[in-house]
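Okay, structure first, notes after.
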Amino acid sequence: MSGVMKRMGMIFRAKANKALDRAEDPRETLDYSYQKQLELLQKVRRGVADVATSRKRLELQLNQLQSQSSKLEDQGRKALALGREDLAREALSRRAALQQQVTDLETQHSTLQGEEEKLTLAAQRLQAKVDAFRTKKETIKATYTAAQAQTRIGEAFSGISEEMGDVGLAIQRAEDKTAQLQARAGALDELLASGALDDPTGLAKDDIQSELDRLSGGTDVELELQRMKAELAGGPSASQQAIEGGTGQPQPQQQQSQDTPRFDKQ
Amino acid sequence: MIIRIMGEGQVSLAESHLTALNKLDDELLAELQSGDEPAFRRTLTALLDAVRHLGTPLPDDALEPSELILPAPDATLDEVRAMLNDDGLIPG
């Protein structure tokens, strides 16, 4: 797989904690090693048992030979007592042959005993080592399990980081959209103000209307000023005349001016 | 396997579906590299739809590491390209 999914996944994983080696669980390796050591110890013990068995068999054979040797000695003594020197010689020569076998077996027995002692010592040492390894193994396993838990926490954080990445992008997108909307709103205000766009609400004024308002406002001020001057000169009727004369307005317009106070038109 | 759709969450998906998804994914990468935005948009939508359809959503409180990660549905071609650069999405 070489697409976007895989590449994005690899990028995230590269950011995650790399401590955990998924390929091999050291706890399994330790257990396997311990198992192998136990098997070796078992072999040594079996070897010790085999040697001990052989030693015991030799001891039995030795006992038998010694028993036969004693028997032949007795037979020789009896034969000699009965005056059968020939029989006594035969018995003694057989006993001599047995005695040679006994000596050989005793040598073998001694060798086997030595081997057995060495093997027993080796088995005891191996047992101690295996016991020590078992303790160490359990310590390492406990440490590893703790490290793995920490790594899992790290991985959980990396999961959170992914979400944080999501959130970061979402915020960025929201900010971009807000800025875009603000820019658009600003542009609309300008367009409405310039009269390029109609305002359906009727609240906005175009520049021409604004200028008209400003001009009419100015005229009203002038009119008001003149009216106040006329009042000071000779009463309301005189002031009305003065204004009418001043502005040169036709008659119907005068009537409307009297009916509607000018302040209300503002 | 766990697939994350950015901004949406995670789904659990059987690996047997990967072959079909890989085809779309490879197309998406090709379109990303060629800069074909409309085709990229179509393929991304199809890929996300397929993942949503074939997968089972994980609960929001589940925190499983994602094996595969997909861009958000509204991610642009440039955004995805930026995600795939060396620094990735998460700084540091």
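Scanning region A:75-107 for residues being under 19 Å from A:R57 (Cα atoms) and in contact with a Lys or Arg (Cβ under 9 Å, 6 or more places away or on another chain) gives a total of 0. Within region B:56-72, one or more residues are more than 8 Å from chain A (Cβ to nearest Cβ), modelled with pLDDT of 90 or more, over 13 Å from A:K6 (Cα atoms) and surrounded by 13 or more Cβ atoms within 10 Å (Cβ to Cβ). Across region B:3-15, the qualifying residues are those that are part of a strand (DSSP E or B) and modelled with pLDDT of 90 or more, and the one among them that is farthest from the other protein chains (Cβ to nearest Cβ) is B:S12.
When region B:16-51 is examined, which residues are found to be over 12 Å from A:V4 (Cβ atoms), within 11 Å of chain A (Cβ to nearest Cβ) and open to solvent by 70 Å² or more (accessible area, probe 1.4 Å)? If the condition is that a residue be over 12 Å from A:V4 (Cβ atoms), within 11 Å of chain A (Cβ to nearest Cβ) and open to solvent by 70 Å² or more (accessible area, probe 1.4 Å), then B:T19, B:K23 are the ones that fit.
The values are calculated or read from the model by the stated rules, or taken from the named source; none is laboratory data. What you see is a predicted model, and the numbers here were worked out from it, not measured in a lab. Cβ: placed from backbone, ideal geometry, glycine included. Neighbour counts: every protein chain shown. What goes into the accessible areas is simple: the full protein's heavy atoms, side chains included, and nothing from ligands, DNA or RNA. Shrake-Rupley method; radii C 1.70, N 1.55, O 1.52, S 1.80 Å.
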